[in-house]
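The values are calculated or read from the model by the stated rules, or taken from the named source; none is laboratory data. The model shown is predicted, which means the values in this text are computed figures rather than measured ones. Note that we place each Cβ from the backbone using ideal geometry, even for glycine, and neighbour counts take in every protein chain shown. SASA here: full protein model, heavy atoms, side chains in, ligands and nucleic acids out. Shrake-Rupley method; radii C 1.70, N 1.55, O 1.52, S 1.80 Å.
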Amino acid sequence: MNTVFAVTLVFVGCCSNVVFLELLVRDFPGCGNIVTFAQFAFIAFEGFIFEVNFGRKKPAIPLSNYVIMVTMFFTVSVINNCALNFNIAMPLHMIFRSVSPVVFILKILGYVILIIIHFCKYLSIVLVSVGIFICTVMSAKQVVSSAERGGTEEEGMYAFLHWLLGITMLTFALLMSARMGIFQETLYKKYGKHSKEALFYNHCLPLPGFVLLSTSIYNHAVLFSQSSPVEIPIIGQSVPVMWLYLLMNVITQYVCIRGVFILTTECTSLTVTLVVTLRKFLSLIISILYFRNPFTAWHWVGTAVVFLGTLLYTEVWSGIHTPVKGEKPDKKTE
C-alpha cells in the first residue's frame, strides 16, 4: 500500500512541479533563483520542525561533510535553473537532467584498478551520449534558425553562443551532480543512510548563499507582484498569478521529494530507477504536448535513445543486477 502511495506521490508531485515550473519560466525565464530559494526555504523550514526538532537533534553525519555536499548541491541547483535563461527549452533541460549513467562514468574514472564491466553498461553510456548529442544538435539548429528569421545572421550567431553557454552550464551541473552522488554514497556507507537528515541540511545550510542572489530574487519578487491577479475560490482573495504558481511549485516539489523518499524505503533501487525514469518521460510528454514546445522527429529519436540507454543501464530487461568486480551484491535486488 505504501508503495502505491509513494508512486502516486512521485507521479502527481513531480509531473505537476514541471508544469508549474514551465508556467513560471514561460513568462520570466530568469526566475530560477527565486524558485530555488522558495523551494530551499520551505523544505528547510519543514525539516527544522519535524527532522531536527527545532535544532535539538544532533546530526548523525558530521556537519563538515554536509558543508562539502551542500556546496555541490547548491551549485547544481542554481546552475540548472539559471540555464533556463539561456534559450534552453524545457524538454532539452529535462533530457539533460534525466541522465544517470554519468555517475557510473565518474566511478570508472575514480577506480585505480581495472574493473570488469558488463557489456550493457558500455552500451547504455554510448546510447545516452548519442541521444543527448542528437537532441542538442537539433535544438541548436532551431535556436539559430529562429534567431535568423527574426533578424540578421549575426543575431543568429549571438543566439547560438548564448544557447551554447546554457548547454555548458547544464553539462557542468550534470557532472557536479554525479560527483555529489558519489560523495553522498560514500558518506552513507560510512555513517549509515540518513536521507531525511541529508535532505534538511542540503536545503538549510545553503540559505545564506542566496544573499549573493538577492538582487535577482528581489527583482523577480517585484515582477511576480505585478503579474495579473487571480482569485482563489476557497478564501475568496485575489493574488498575483505568478505567486500562486510559485506556491504550487514549492508544494509539488515537496510532494515529489517525499514520494521519492518513501519509495526508496519501500522498494529496491531498480524499482526506484524505473519509476523515476518513467516519471521524467511523462513530464517530457506533458511539456511537449501541453506547452507546444518545438520537438522534431529527430528530437523524439534522441529522447528514445536516451531513455533506452537509461533503462539498459539498470538492466531492466533481465531484472538482475550484475555486480561489477569489487561491488557487493544487493540482497534486495529483484
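For region 156-202, with all protein chains present and a 1.4 Å probe, just round the carbon and sulfur fraction of the accessible area to a whole percent.
Within region 156-202, the accessible surface is 69 percent carbon and sulfur.
Stretched out fully, how many nm does the piece from THR3 to VAL239 gain, at 0.36 nm a residue minus the Cα gap?
81.3 nm
Let me make sure I get this right: for region 6-52, a, b and c are the square roots of the gyration tensor eigenvalues over alpha carbons, sorted descending. Under 1.5 in a/c it's rounded, otherwise prolate if a/b > b/c, else oblate. Which is it?
Oblate is the answer for region 6-52, as a/c is 1.5 or above yet b/c matches or exceeds a/b.
For the pair LYS196/THR71, report the inter-label distance in nm, with labels modelled 7 Å from Cα in the Cβ direction.
About 3.0 nm, to one decimal.
Leaving out ligands, DNA and RNA, and with a 1.4 Å probe, what % of the accessible surface on region 13-92 is carbon or sulfur?
67
Which value, in Å² rounded to 10, gives the accessible area of VAL12 with a 1.4 Å probe and all protein chains present?
90
Which sequence of PHE54, PHE20 reflects their accessible areas, 1.4 Å probe, from the largest down?
So the residues, ranked largest to smallest area, are PHE54, PHE20.
Within the set LYS58/LYS280; LYS58/LYS189; LYS58/LYS196, which residue pairs have Cα atoms separated by over 25 Å?
Over 25 Å apart, Cα to Cα: LYS58/LYS280.
R0 = 35 Å: FRET efficiency of ALA304 with LEU247, Cβ-based, nearest 0.05?
Given R0 = 35 Å and the Cβ-Cβ separation, E is 0.50.
By accessible area of protein heavy atoms, probe 1.4 Å, what ranking do LYS190, LYS280, LYS196, LYS58 get, highest first?
LYS58, LYS190, LYS196, LYS280
For an R0 of 25 angstrom, estimate the FRET efficiency from the Cβ-Cβ distance between TYR188 and ARG56 and round to the nearest 0.05.
0.60
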